[in-house]
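First comes the structure, then the notes that go with it.
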Amino acid sequence: MIVPRTTRSEILKKLKAKVAARKPLLISSAGSGLVASLLEKAGADCVNTFSGARLRANGMGTMSMMWPILDSNQQVYDNTTQDVLPAMKGDAFVCACINANDPLRDMRSYLQSLLDAGIPSVSNIGPSVSYVDKESNLYQVLRKSGITFENEVEMLALAKEMGMVTIGLAFDLDDARQLLEGAKPDIFCFHAGTTKGGLVGFDSGETIAETAKRSEEAYQMARDIHPGVLLVGHGAAMETPEDAAYMLANTSGHGIWTGSSTERLPIEKAVFAAASEFAKLEFPDE
């Protein structure tokens, strides 16, 4: 298997041409090669891999990646190079969502290993300290231990310097400002919260109108700080294609990032429905 290669300039040229043509960008997560190949075939521009997606493939919620049950960066490297990259044709590029707060890795060396493996893009979401409530004691303890959002910003800035396409995610306006000023990512995603729906989704009670409003606030600030940045939204009440259409119609973003919506949720529905039909079969009457 020879994994297709691409470059930062080729990726950005393709994305900007799509934006100029008023076509929404689509970034989608994959925890398996099968899902990655289907996402690419369906028209995703970017397939991202991260430990949360790998665990989702096992039926767990994305947030399970916050528990120390695996080495996130090793999992991302193995899953991406062994399962995802060999399954793809090169129409979509791959983004590895990595843990910039890994105390046992030099980020420059790790980023170089991703580049060498044919992974041209990284994000700061796998996992991010931003998942932890800033008002919590845990968040303060993590900061005291050196687990900080600043490390994520520095990783993205370094990755861009090394020639990678960078996708920065932030969960609130304060982190968004810090990330946009410090890393100047190629793509900025406002992470509105864990996607609702399905067996393990979390519903905060927010409406799609509220998710769109909060996302637009982040987009407007992003443009002021980093003109020309590509903007996508993710999560919270954006569960279905109809929800995503609302986001596109009611924000000034360039596209969407899907996780559970194009992986866990459709798998749950399709496999359960098909298996149920088989399970209902009976022998004919004698």
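Using a cut-off of 29 Å between Cα atoms, the listed pairs K184/K213; K89/K134; K16/K160; K23/K134 include K89/K134; K23/K134 as exceeding that distance. With contributions of -39500 (n - 2.57) from each DSSP H run of at least four residues, the per-residue ellipticity at 222 nm computed over the chain stands at -13000 deg cm²/dmol. When only alpha carbons are used to place a centre, the range 126-187 and the range 217-231 end up 16 Å from one another.
Applying 1/(1 + (r/R0)^6) with R0 = 45 Å to the Cβ-Cβ distance of A20 and S145, what FRET efficiency is obtained, to the nearest 0.05?
The formula returns an efficiency of 0.50 here.
With K and R counted +1 and D and E -1, the other residues having a Cβ less than 15 Å from that of L25 yield a net charge of +2.
The GluC sites (Glu not before Pro) of the range 247-277 include none that DSSP puts in a loop with a beta carbon having at most 10 other beta carbons within 10 Å. Taking other Cβ atoms within 10 Å as a rough exposure proxy, S123, S109 sort from fewest to most as S109, S123. Taking other C-beta atoms within 10 Å as the exposure proxy, L114, L248 rank L248, L114 from fewest upward.
Select from the range 88-153 those trypsin sites (Lys or Arg not before Pro) which occupy a DSSP coil region and have at most 11 other Cβ atoms within 10 Å, ordered by residue number.
Numbers: sites: K89, R105, R108, K134, R143, K144; in loops: K89, R105, K134.
Hits after loop and neighbour filter: K89.
Values quoted throughout were computed directly from the atomic coordinates according to the rules given, and no laboratory measurement underlies them. Values in this document were obtained by computation on a predicted structure and should not be read as measured data. Because the Cβ atoms are built from the backbone with ideal geometry, glycine has one as well, and the counts that use them run over all protein chains shown.
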